[in-house]
Structure formats: structure tokens, C-alpha cells
Amino acid sequence: MNLSQIRDVLGKPYYQKDEFLIYNLDCISAMQMLPDEVIHLTVTSPPYNIGKEYEEPMPLEDYIKWCGTWIAEIYRITTRNGAFWLNLGYIQIPGRAKAIPLPYLLWEESPFYLIQEIIWNYGAGVAGKNFFSPRNEKFLWYVKSENSYTFNLDAVRDPNVKYPNQKKNGKIKVNPLGKNPTDVWQFPKVTSGKNRASKERTPHPAQFPVSVIERIIRASSNKGEVILDPFIGSGTTAIAALYLKRPAIGFEIKEEYCELAATRIERYLGMRGDEDLQPSIFKEESQTLLDDFYDSIC
Ligand SMILES: C[S@@+](CC[C@H](N)C(=O)[O-])C[C@H]1O[C@@H](n2cnc3c(N)ncnc32)[C@H](O)[C@@H]1O
């Protein structure tokens, strides 16, 4: 199913440009309208139930059940060889945990096959007083089929190799495209440290860094395959998808963020083709989700 067929099913979007559709809808209702196996890759970060401006905190059990509902929908609409990348942080459980990783709580809620957990490490953040300063979030890499999924390693190799000319039996040992980037990724944020003032920073409190999403989309999809972000916020997933020539769909419950995403896409498309501006959009962008949360527990 291509994007225009998906549009026929979902109706008129809030905004459409190039190969991008954004709907001002609750993602569960929106996904329920879609037929099975139409999305190749979903990349998202949901609300963490920590009282951000875009969420109404729920009792923990309700939150876990709600997550199970949208994860099940993502599973149903994912193609047989498709993937789901889920960014998750931590929450506090009074009397049990200062900061429990959300993946521990959501393990039972996912019918996907888990390939691996990626640690996203960032340099700046709050300073812990009676515990180590938090500097990571997780990306869970899920696939629908354990035996059939996309992994374009050459598209995401890290060219920063320490000994590029090292030889074994007279042959250069290192792949000329670079090394495997490993399961620990370092990308800066825009909401902490010096990147707070980045020109790519939007008012959205949980903006993804484009650079992380770019790596995920390169690794887990091919040109032309449809990408979904059911909690699209400021539109970061769409920018990375459009840059990499993948059609994209976003759902967002708050109209002001739909507007923000639309404005951001317009701006990106205006910059497209300008070689001087292009790299900055992908190198300087970054985000945080949990600074306020850590501020509250430090
Ligand atoms: C963690 S933020 C995502 C930020 C995004 N990754 C970015 O780069 O801007 C979660 C987003 O989900 C939206 N949201 C919350 N509940 C939703 C729902 N039921 N359906 C669709 N969007 C929802 C929130 O308004 C918020 O913008």
C-alpha cells in the first residue's frame, strides 16, 4: 500500500507535503482504521507518563495497558519483514524505584521479536547527588519476523576507525566504509548542554535528534518504504524520512504540535538542496525527554 492509498483510508490529513502526511488524531483510533501489514518501519517515542505538558498522568497499570494497545496496533499494521524502533526512558515508582527503565515494564506488552536494545548515550544532563548522573535512554529494536528483516549495515557504518590500515594476512582488515557502530550510540541533544541554543531546537519539550532517527531509518528500511511515527510531536521522524526518500505518516493528538511539525517540514523543504545548510540540520539537531524528570528526582 502506498501513501496515497493510505490517505484514501484515513481521509484528509491535517497537512500534506511531498511524501508526508500528518493527522491530528489519537494514534490508536488512527491505526485501527488501517489495514494489516501496510507499514514497513515505525519509529517513535511515546509519552512516558511523567506529567509532561502533552500527557495526563494515568495510574501505572492503566498506562501499561494503554501502551499494550498501541503496540499491538503497530504490530498488526507492520509488514512481515518490517520493524519497530521504540525509544523509552525511565519512570519513578514510589517505594520501588527511583528510575525504572520503561522497557522492564513493557516487556509483556509486545508481540514483536526483540533484536536488541541500543543505549543512546548523551554528554550533557542533570547532575545526580546521591546516584550516578543519568546519561542514557534506550531504543528497542523490534522486528516482526526473527528470520526476515532489513539490516543495512553498510548504510550506517562509522567511518571513524582508529587503525584504518591494519592488515591481516596482507589484506586490509577494516571495512573501507567503516566499523559497525555498536549498540552504544552517542548523539548530543538540543535540550541540554550547549545544543540548547541550537537553531534546530523547536518548542517541543521532547524533540528527537534527527541524527539518531536518520541512522535507524537507514539501517531498517529501504527507499520508498513507508515510515510511521504514531507520536510524531515536532515532526523529527518525517524530516529524517523525507531526507532519506521514504514516505512518512505521523499521528499527533495536539494540534499545536501538528502545526509545529508542518512549519518545520516547510522550513526543511525550503532548505533542501542548499548544501551549506543541509548538514547543519542533521548534525546540530538533538533532544532530551527526561531532563525535567531527573531534575525532580535529583
Ligand atoms: C515524546 S513526544 C514525541 C516527540 C517526537 N519524537 C519529536 O521529535 O518531537 C510524544 C508526543 O505524542 C503526542 N501524543 C500523546 N498522546 C497521543 C496519542 N494518543 N495519539 C497521538 N499522539 C499523542 C504528544 O502530544 C507528544 O507530542
| Cα centroid of segment 200-225 to Cα centroid of segment 167-184, whole Å | 26
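Considering the convex hull of the alpha carbon atoms of the chain, report its projected area averaged over all viewing directions, in nm², one decimal. Provide the component values of the computation, followed by the final result.
Numbers: hull surface 68.7 nm².
Averaged projected area of the chain's Cα convex hull equals 17.2 nm².
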| query | To two decimal places, what compactness ratio does segment 90-135 give when its Cα radius of gyration is scaled by 2.2 N^0.38 Å? | reply | 1.43
| request: Give the Rg (one decimal place) followed by the Dmax (whole number) of segment 119-276, computed from C-alpha coordinates and expressed in Å. | output: 18.2, 61
| Which three semi-axes in whole Å describe the equivalent ellipsoid of segment 1-109, each the square root of 5 times a Cα gyration tensor eigenvalue, listed largest first? | 29, 16, 12
| message | Counting only chymotrypsin sites (Phe, Trp or Tyr not before Pro) that sit in a DSSP loop (anything but H, G, I, E, B) with at most 13 other Cβ atoms within 10 Å, what is the longest stretch of the chain containing none of them? | response | 152-298
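Per residue, how big is the convex hull around the C-alpha atoms of segment 56-126? Give it to me in cubic angstrom, could you?
130
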| Cα gyration tensor shape for segment 42-182, rounded if a/c is under 1.5, else prolate or oblate | oblate
| task | Could you grab the Rg to Rh ratio for segment 109-180? Cα atoms only, Kirkwood for Rh. | result | 1.13
| What's the center-to-center distance, using Cα atoms, between segment 1-29 and segment 74-146 in Å? | 27
| Environment charge of residue 122, counting only residues whose C-beta is closer than 9 Å and scoring Lys/Arg +1, Asp/Glu -1 | +1
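Every read-out reported here was derived from the displayed coordinates using simple, explicitly stated rules and does not represent laboratory data. Only a predicted model underlies this, so the values are computations on that prediction, with no experimental measurement involved. Glycine gets a Cβ as well: all are built from the backbone with ideal geometry, and neighbour counts include every protein chain shown.
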